[in-house]
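**Student:** The structure under discussion is supplied below as structure tokens; questions concerning it will follow.
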Amino acid sequence: MTGESRIDRWWTRLRLPLGVAAGSVTAAVELAFLVVAAAASAVSAPVPTAARGVTRLTQRYAGWLVRRERDRLHRLLLPEGETLPVHLVATRRQIGYLAARLLPGVLGLLAYAMLGVGLVLAGIVLRAAVRGELSPVDTLAQVAVGVALLLLNVQALASVAALDIRLARRLLGPGSRAELARRVDELTSSRAGVLAAVDAERQRIERDLHDGLQQRLVALGMLLGRARRARDADRTAALLAQAHEDVQRAVEELREVAWRVYPSALEGSDLGAVLTMVARRSEVPVRIHCDLPIRPERQIETVLYFVACEALTNAAKHAAATLVAVEIGVREGRVRMRVHDDGVGGADPTGRGLAGLARRVAALDGRLLVTSPVGGPTTVLAELPCG
């Protein structure tokens, strides 16, 4: 295991406790801000000019604190790939969120205080056991109680983190009217995106047929013409053998084009089996793990198939990858597919292929995330509703 992977594993384990601890610290800062803002508002109320100045400062610093809380949740508490909705909310809602955040801040502080007390008691028990003041039975009993309290403390930290995330989603998310307007805009853009994706796919198929299959068939016709005009039997046999090879390659290219139009294999096999067939033809070794308790709807499988094929093609042609891992499962009621390769990275999410896939995924109320720093690795994450 490399040093970087060890650091990543430790960072994953420490994100939650660090996030809760940071939330307790920011809650203290927010408490001070709320007290100062309330006092300043009360003092400046008789003077309209001063009151407007205090209101502007309150709006400015409340927005700054809310943005810092969003950053903390994204970096430390939210699962990988999950984000909070970025939505401009009124100052009153921001103040309400900062006030509500005092609860997880206090609970996190209490959880760490209990952890500190437990460590002190553990030290006392350990010293008594070393001095022989406790019998083995009493020592085991104290250890069992300590482990139970530690597990409860860990669960308390997880609950505080969940409460922190729930408050942010509830109080910083859009209201019903704004959510409806956002949904209408999203569906409008998704419809336009699907039309653009279909048009781009048609152009791609036309290029494949014109530049590949059509040219090969023209060359095949010329080859057969030469075979007809040849007077040497050996020459004719050689030309016919070459023509037979060209026909096989043309059939293979036609099959590839047909699969890009629609993966007919999904009619008789599930997504895992079809991707296994695709993996056998891949130039790069592919490891597939598909764990779907219920088969998704056909359009969901089709979009996931195209996402996986595009990721495999990019890994083989552009990333110089040596291994691609495809993981498919269900998480929180959504089908989740993760395609990870160990290539050089640098994939452009705004490119024609990935952008078209993102539009297809968005049309089914899903999302496509592409992480591909220069130097690698590349991860393509697609999430879609189960049905």
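**Student:** Using a probe radius of 1.4 Å on heavy atoms only, what accessible surface per residue do you get for region 269-387? Whole Å² is fine.
**Tutor:** Per residue, region 269-387 has an accessible area of 48 Å².
**Student:** Is region 8-124 best put as rounded, prolate or oblate by its Cα gyration tensor, with a ≥ b ≥ c the root eigenvalues, rounded for a/c under 1.5, and otherwise prolate when a/b is larger than b/c, oblate when not?
**Tutor:** oblate
**Student:** Evaluate the relative contact order of region 232-387 (contact order divided by residue number), counting alpha-carbon pairs under 8 angstrom at least 6 apart; express in whole percent.
**Tutor:** Once normalised by length, the contact order is 20 percent.
**Student:** What nm value, rounded to one decimal, do you get for the distance between T276 and R169 when each label is placed 7 Å out toward the C-beta?
**Tutor:** Between T276 and R169, the simple spin-label model gives 3.5 nm.
**Student:** Same structure, new question: Collect residues whose amide H, placed 1.01 Å from N in the peptide plane, falls under 5 Å from the amide H of I288; neighbours closer than 5 in sequence don't count.
**Tutor:** V326
**Student:** In whole Hz and in residue order, list the ³J(HN,Hα) couplings for region 366-375 that follow from phi through the Karplus curve 6.51 cos²θ - 1.76 cosθ + 1.60, θ = phi - 60°; x for Gly and Pro.
**Tutor:** These are the phi-based 3J(HN,Hα) values: x, 8, 10, 10, 10, 10, 8, x, 5, x Hz.
**Student:** Kindly state, to the nearest 0.05, the FRET efficiency for S41 paired with R68, given R0 = 25 Å and r defined as their beta-carbon distance.
**Tutor:** Efficiency, from the Cβ-Cβ distance: 0.70.
**Student:** Just the number please: accessible area per residue for region 1-140, 1.4 Å probe, all protein chains included, in Å².
**Tutor:** The answer is 65 Å² per residue.
**Student:** For R249 and V130, FRET efficiency with R0 = 56 Å and r from the beta-carbon atoms, rounded to 0.05?
**Tutor:** FRET efficiency, V130 to R249: 0.10.
**Student:** Over the Cα atoms of region 297-373, compute the convex hull volume and normalise it per residue, giving Å³.
**Tutor:** Spelled out: Cα convex hull of region 297-373, divided by residues, is 88 Å³.
**Student:** Between beta-carbons, use under 12 Å as the cut-off and find the net charge around T378, counting Lys and Arg +1, Asp and Glu -1.
**Tutor:** In short, -3.
**Student:** Between L110 and D291, what FRET efficiency follows from the Cβ-Cβ distance if R0 is 45 Å, with the result rounded to 0.05?
**Tutor:** 0.70
**Student:** Just in region 211-252: which trypsin sites (Lys or Arg not before Pro) are loop by DSSP and have at most 12 other Cβ atoms within 10 Å?
**Tutor:** R231
**Student:** Near the amide H of G346, under 5 Å away, which other amide H atoms are found, from residues 5 or more places off or on another chain, if H is placed in the peptide plane?
**Tutor:** Result for G346 returns V374, G375, G376.
**Student:** Turning to a different aspect of this structure: Take every Cα pair under 8 Å in region 1-120 that's 6+ residues apart, average their separations, divide by the length, and report that relative contact order as a whole percent.
**Tutor:** Relative contact order comes out at 44 percent.
**Student:** Using DSSP to call loops (not H, G, I, E or B), can you name the GluC sites (Glu not before Pro) in region 29-124 whose Cβ has at most 15 other Cβ atoms within 10 angstrom?
**Tutor:** E80, E82
The values are calculated or read from the model by the stated rules, or taken from the named source; none is laboratory data. Quick caveat: nothing in here was measured; it's all calculated off a predicted structure. With ideal geometry, Cβ positions are generated from the backbone for all residues, glycine too; neighbour counts draw on all protein chains shown. The accessibility values were calculated without ligands, DNA or RNA, using every heavy atom of the protein model including side chains. Shrake-Rupley method; radii C 1.70, N 1.55, O 1.52, S 1.80 Å.
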